[in-house]
Amino acid sequence: MSLITSLTRCWLTRSFRAFRFTDTFDAILPYQNAENLGLYIHIPFCRSLCDFCPYCKVTYREDLAKAYVAALKKEIELVGAGGSERKRVTTLYFGGGSPALVVNEIGEIIETVSKYFEITEGIGLELHPSDVTVSNLRTLQRAGVTRISIGIQSFSDEYLEILGRGKLDCQHMFEALRSVPFETVSMDFIFALPGQTIERVKRDIDVAFSNGANHVAIYPFIDFTYTKRKFEKIPEMRKKKLLAEITEYCDRQGYVRDSIWTFAKPGVKKYSSMTRENFLGFGCSATTLLKDQFKINTFSIPDYIKQVENGLLPTALTLKFTSRQRMLYYLFWTAYTTRVDADAFYQFFGEKLTHCYGFELLLARMLGFAQKDGDCYTMTPKGAYYYHYYENYYTLSYIDQMWNLMRVKAFPDELVIR
Ligand code: SF4
């Protein structure tokens, strides 16, 4: 598995150089000239922990959450104070964990962000279904949140049970959504569960779109080495067929595919915290991507709080990119949106996409993975499937390796991913 990702890295970066993350980091982050900068804030608290979930989170404790929010605001101040003027950014997303467990503090966190950043396209926040109440939604709306994403996973009790989730109180949730409108209401689902047929996925999609959602995200189940799985994985061919059927169904219903796994009603602003050219991440485990670097904060909540209280950024590891590594990173995440704009590539790198990757683009077109539409390369359904397949390898070779280390060591010396 890692052989595939290693060969791809060597081929596309034109080098045998590994991704070397070290513990040295910039005290002042160079984001002032970054275009299309997004922000992300991680709130790592949950009422109870789901077996399948790979993210950095702990069970909610009021005292810890209070200390964490204070540290979070301090981290925003530390990063923001490094800029000379208020920086325009696209979006701010809150993820977790269950950010609504600190719902009354979301407004003051946004105020702290707004001292240093002008948010131009909206604020999104992830919600656990049990947090979708009229009171929470009103509080979030008053704080300035415009997009929400609800982690439903499935409307089927059987699947919720094997995922280690309790039953949903759908009627209360749907009523709350009817009472408090948001610009984007996304619902997240997991597919590739045992015995799952397209009819069952279609039912989830239909229930979502007829009860307040205008956007859905349908992710495959990813089997991280450190999460628990209580069921047999479905064969890859079955997964491939299901993804093709989901895509075809959403297309027939008139939903627009705005990334590999997300579909929206036409004209709806997408919910996506990850497809940005540049972003700053705040909170434990949050990542930052800039022109010259990728960095990740410590996963340890006590160490995060201590480091920030000492006036230091909580950065655990930093990768300083070579220009080809940055291009690979750029293309990987841009391709996630199913299209790569050659003009945007040129604006970002000052080099022509066809000069850098002309052969690969030609090959992608010949293999039927992409088609050219003006200055844009758009992924075909076949290309989207292979991207989805490769993304699985990438997640297991890179993210799993990094998160495994970060879960046990607050500040590792280095990490080399070959
Ligand atoms: S799936 Fe959501 S609620 Fe469950 S542990 Fe992960 S972040 Fe928490």
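Between 231, 224, 299, 294, the distinction of being assigned to a strand (DSSP E or B) and not aliphatic (A, V, I, L, M) belongs to 294 only. Only a single criterion out of (1) crowded, with 20+ Cβ neighbours inside 10 Å; (2) within 16 Å of the ligand (Cβ to nearest atom) is not satisfied by residue 72, namely (2). Exactly one residue out of 272, 186 is hydroxyl-bearing (Ser, Thr, Tyr), in a strand (DSSP E or B) and within 16 Å of residue 147 (Cβ to Cβ), and it is 186.
Going by what's in this entry, would residue 55 be described as at pLDDT 95 or above and closer than 16 Å to residue 298 by Cα?
Values: at pLDDT 95 or above: no; closer than 16 Å to residue 298 by Cα: yes.
Criteria not met by residue 55.
Taken as a whole, the structure places residue 285 among residues that are at positive phi, buried (at least 20 other Cβ atoms within 10 Å of the Cβ), under 18 Å from the mean Cα position of the chain (by Cα) and not acidic (Asp, Glu). Residue 66 meets each of the listed conditions (1) surrounded by fewer than 16 Cβ atoms within 10 Å (Cβ to Cβ); (2) in contact (Cβ under 8 Å) with a residue 60 or more places away in the chain; (3) part of a helix (DSSP H, G or I) apart from (2).
In the condition set (1) within 14 Å of the ligand (Cβ to nearest atom); (2) surrounded by fewer than 22 Cβ atoms within 10 Å (Cβ to Cβ); (3) under 29 Å from residue 31 (Cβ atoms); (4) free of Cβ contacts under 8 Å to residues at least 40 places away in the same chain, residue 160 is compliant with all but (3).
Scanning the stretch 336-347 for residues that are under 16 Å from residue 12 (Cβ atoms) and out of contact with any strand residue (DSSP E or B) (no Cβ under 6 Å at 6 or more places or on another chain) gives a single hit, 345. Within the stretch 118-136, the set of residues being buried (at least 22 other Cβ atoms within 10 Å of the Cβ), part of a strand (DSSP E or B) and more than 20 Å from the chain's Cα centre (by Cα) is empty. Within the stretch 73-103, the set of residues being within 14 Å of residue 44 (Cα to Cα), part of a helix (DSSP H, G or I) and among the small types (Gly, Ala, Ser) comprises just one member, 100. Of the candidates 31, 93, 40, 60, the single residue that is within 26 Å of residue 414 (Cα to Cα), of a type in the set (Phe, Trp, Tyr) and within 16 Å of the ligand (Cβ to nearest atom) is 40.
The values are calculated or read from the model by the stated rules, or taken from the named source; none is laboratory data. Please read these numbers as outputs of a predicted model, since none were measured by experiment. Every residue, glycine as well, gets a Cβ built from its backbone with ideal geometry; the counts of neighbours run over all protein chains shown.
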